[in-house]
Each structure stands twice: as C-alpha cells, then as structure tokens.
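A short write-up of the structure that comes next.
The values are calculated or read from the model by the stated rules, or taken from the named source; none is laboratory data. Predicted model, so just to flag it, every value in this text is computed and none were measured. Note: ideal-geometry Cβ built from the backbone for every residue, glycine included; neighbour counts use all protein chains shown. Heavy atoms of the whole protein, side chains included, go into the accessibility calculation; ligands, DNA and RNA do not. Shrake-Rupley method; radii C 1.70, N 1.55, O 1.52, S 1.80 Å.
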Amino acid sequence: MMNTMHENGSAHGHISPFLEIDRSDWADLAPKMEVPLTQAELIELRGLGDELDLTEVAEVYLPLSRLLNLYAENAQRLHAASTKFLGATTTSTPFVIGVAGSVAVGKSTIARLLRELLSRWEGTPRVELITTDGFLHPNAELERRGILERKGFPESYDRRALLRFVSKIKAGEREVRAPFYSHLAYDIVPDAAVTVRKPDVLIVEGLNVLQPPTTGKSLAVSDLFDFTIYVDARTSDIARWYEERFLRLQRGAFSNPRSYFHRFADLDEAAARARAQEVWKRTNEPNLIQNVRPTRPRASLILRKDTNHAVSKVLLRRT
C-alpha cells in the first residue's frame, strides 16, 4: 500500500523521509461520512481552470482534512498538558498550516477547500485563511527597486511583516491585521486590511511560504508552521494550466476597465497565448525552478497532481 520513495517523486528504493500513497489507498483512509459540501459550494471554492469535483473532495481532501484535524487536536492537548506541567497560564495558540506551490497549480483552491472542510470537524470550528499576496511590497516600491517583473519572487515580499504577523498569531494575540491585496488592481490597497481573530487553525497560502531563513537571519515564517503542504505537478502541465487560466481571465476579469490587465482584454487568442507564454517563461517558470520547487522536500505532505489537475499520489512525511 505505502511505498518508500525518493524526494524527487520517483521510486528508486532509496531511503526517504516520505511515504508514497496512491490515491486509491489514500481514499480508503476517508472517514465514513458524506462530503459536507454541495456542488454549488464547491463551484464557489474552485479557482479558474480547476477540475475539482466532489469525488476528489471525498477521496483526497476529506481524509486530508481529518488528518489535519487530528494533528490540530493533538497539538491543543499537548499545549494544555505542557502548560499544566510548567504551571503556566497561557492560552492555546492556533495550529498553523502552510500551503505552497507554483502559480496556477491550484493551491488557492486547495487552501479554501481545506478551510471549509476543517471547520466542519469538531475541535477546529474556527478556521481562517490568509494569502501571502497581502505581504507583497506595493507596486510603487517594487518599481523603485526595479523588480516589478519579479513579483512573486521571494524578494518581492515584505518577509519581515509576514513573520511578525504569523508570530503574533502563534503568540495567541486576540486580533491580528494583515494588508489587503486586490487582484483586480494588482496591488496592495492602502488603508485596507484583513483581520484574523484567534482561530483554532490558520492556513497561510503562498508561493514561497516554505522558504528557509534568508542569509543572516535565524528564523523564517516556515519555522512557525505546524504542518505544511506542497502542491506539485509537472512543469509542462503547470505551464499549460497557466496559459489556460490567462485566457479565461482575458475573456473575463481583464474586460473590467479597472483591471490592471485591461490592456490585454482586446488581444486575439493567438496574441493572448503568446503573452501568457512570455510571462510564464520570464517570471513564473524561473521562480518555480529557482525558489518554489526547491522548498518541496521541506513539506510535511506533498499532493502530486496529474495532467488532468487531479491528485494521483500523496507523499506523507514519516513521523
């Protein structure tokens, strides 16, 4: 049922920290319960181009949500026991989950879905989700630094602010605020914020959330996570998904005159595909290869997607 695997994702018989579990075997771990979502709710959660259906929710994400629920409940029990042992009076802190992966791989949909599923389990009713987009430097600052076209690379984020935010969450602060990012404006919205109020679970989703500490720093935001997920797929598949998503946006959101990308709304299909491929080759693929994919071995669990966007394997770190 569960085979050892090498960290690069192919079985070689080498010692590895991961167990490789085929989807069919993973599905057998699902609790005997109905999927607590309707088709309409699932459609609202899905991102552009995601082919996620209720069968996959039942076979992949329901057992994953139960596993995460067990981890969170055990962390709460351990915290209570250690606090009692130390004679302290601190309250429990949120269980923090990091979700990483490339642009267009579907990590945002997965994070939203896990938020919904986890909130249905006893013991984790209050689940919040934050994306690292809010911690990007404003476009004006990126332009000042000459890195606007490297948006999404590690240096385009205010990593110190993100670390402070998650540190406050882990410290149990009652209310913590994060900047708000508008995908329509493609920028941080001044004087707007997302407020997180002491959840049982916080999901942090973003391209580079599994990055190790930068040179000269002793701590990274990934050090504050209790469980981490990396959403994986072949580079060629992700490139195709990105192109397809760009075309859908070009026919939809880009038509809004307030959209940062409105300039692309009138491109014909060939020109739109060429533009998507250019952006992928210039920015997203280098970021994936240089920064995002190298963090994959740091994850607690890897979801491996096939060419149809469906999860085919789950790689779970041995404990």
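For S182, the shell of other residues with beta-carbons less than 10 Å away shows a net charge of -1, using +1 for Lys and Arg and -1 for Asp and Glu.
Database remark: amide H of T228 closer than 5 angstrom to the amide H of G98, S300, L301 (H placed geometrically; neighbours at sequence offset of 5 or more, or on other chains; Pro and chain starts carry no H).
Report summary: the helix-based calculation at 222 nm, which adds -39500 (n - 2.57) for every DSSP H run with n ≥ 4 and divides by the residues of the chain, gives -9500 deg cm²/dmol. Using the Cβ-Cβ distance between R197 and A40 with R0 = 25 Å, the FRET efficiency computed as 1/(1 + (r/R0)^6) comes to roughly 0.35.
Shape verdict for the stretch 21-60, please, from the Cα gyration tensor: rounded (a/c under 1.5), prolate (a/b greater than b/c) or oblate. Judged from the Cα gyration tensor, the stretch 21-60 comes out oblate (a/c at least 1.5, b/c at or above a/b).
Computed from backbone phi with θ = phi - 60° and the Karplus coefficients 6.51, -1.76 and 1.60, the 3J(HN,Hα) list for the stretch 280-289 is 4, 5, 7, 10, 6, 5, x, 5, 4, 6 Hz; x is used for glycine and proline.
Evaluated over the chain, the count of Lys pairs having alpha-carbon atoms less than 15 Å apart is 5 (only pairs 8 or more residues apart or interchain). Only protein atoms count toward the accessible area here, which uses a 1.4 Å probe; on the stretch 88-136, the carbon and sulfur part of that area reaches 46 percent. DSSP beta bridges confined to the chain are antiparallel in about 50 percent of cases.
Highest GNM mean-square fluctuation among A171, A88, A185, for the chain modelled with Cα contacts below 10 Å: A88.
Assign one of three labels to the stretch 247-295, namely rounded, prolate or oblate, based on the Cα gyration tensor with a ≥ b ≥ c the square roots of its eigenvalues; rounded applies when a/c is under 1.5, prolate when it is not and a/b is larger than b/c, and oblate otherwise. If you can, show how the numbers build up before the last one.
On the way: a/c = 3.32, a/b = 2.05, b/c = 1.62.
Taking the square roots of the gyration eigenvalues as a ≥ b ≥ c, the stretch 247-295 is prolate.
Report, to the nearest whole %, how much of the accessible area of the stretch 242-319 belongs to carbon and sulfur atoms, 1.4 Å probe, protein only.
Details: 1980 of 4010 Å².
Of the solvent-accessible surface of the stretch 242-319, carbon and sulfur hold 49 percent.
Among the listed values [x] 20.7; [y] 24.7; [z] 21.2, the one computed from these coordinates for Kirkwood radius over Cα pairs in Å is [x].
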